[in-house]
1. Which condition number in (1) closer than 15 Å to Arg196 by Cβ; (2) modelled with pLDDT of 95 or more; (3) of a type outside the set (D, E, K, R) is the one that Ser137 fails?
2. Working only within the stretch 139-164, note down all residues that are among the aliphatic types (A, V, I, L, M), assigned to a strand (DSSP E or B) and surrounded by 14 or more Cβ atoms within 10 Å (Cβ to Cβ).
3. Kindly establish whether Glu106 is on the phi < 0 side of the Ramachandran plot and within 31 Å of the chain's Cα centre (by Cα).
Amino acid sequence: MQKRVVKTIEMPTLSLGKAFGTVFAMFKKQVFGICVAFAMLVPGLIACVVPADIDERPPADQDIVETEEDGFDYVLKIASAGPSPGRVILPAACPSWSFWVQLQEEVDPDDIARRIGLTARWFLDYTEEDPNIIEDSKASSYHDAVINPSALWEESGQDDERVYVLEVLVSDLGFGSIEDTPRGKKLRESAQTDSRLWVIQITDKIPVDNPDEQCQ
């Protein structure tokens, strides 16, 4: 009976761990290459997700940085006003006198409702029965209203003891119906507001030689 002879061919051998390490290193290089390619092609791509055990990485609570988008911190505020709020004495000879307020900043440009709704409402001698709105100026950081001292002087019977109260109320969402209480001052929900007030007296004791230059 013929015996079968089996020849053993010796081949270079690699340990299982070394073989795995070699394949793993090749995989790592390929992943890194893909990351670099994407980072060059896609602006702002600063990291590529790879298996967490490829390299030693810090703990997750140290590795993740949360950022907050910059917002527009808009607050409605009157920065300045003229004449200075408080008591104001005006010459009876002036046919006009301007009062104004300047807001601290523009309305948030991305907030359409506030940008359109911004209103400065001016009242002269306001009462609940008669709000006497003399001006509604809109959509600006600068608002003004003009009164006529000469006309008021004559209406008062040339009474220099007569006192008028001028008030401006600024709302960045406008106002409700004129019939809503308080009449003329009813604000819309979530509106931001600010106001200024002047107490005005008119007298003929202030000489006016050139109304165009002396009257504001």
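The values are calculated or read from the model by the stated rules, or taken from the named source; none is laboratory data. Source: prediction; values computed, not measured. In this analysis, Cβ positions are derived from the backbone assuming ideal geometry, glycine residues included, and neighbour counts consider all displayed protein chains.
1. Result: Ser137 passes all but (2).
2. So in the stretch 139-164, the residues among the aliphatic types (A, V, I, L, M) come out as 139, 145-147, 151-152, 163.
Applying the additional criterion that residues be assigned to a strand (DSSP E or B) yields 145-147, 163.
Ala145, Val146, Ile147 - these are the residues of the stretch 139-164 that are among the aliphatic types (A, V, I, L, M), assigned to a strand (DSSP E or B) and surrounded by 14 or more Cβ atoms within 10 Å (Cβ to Cβ).
3. Numbers: on the phi < 0 side of the Ramachandran plot: yes; within 31 Å of the chain's Cα centre (by Cα): yes.
Yes: the conditions hold for Glu106.
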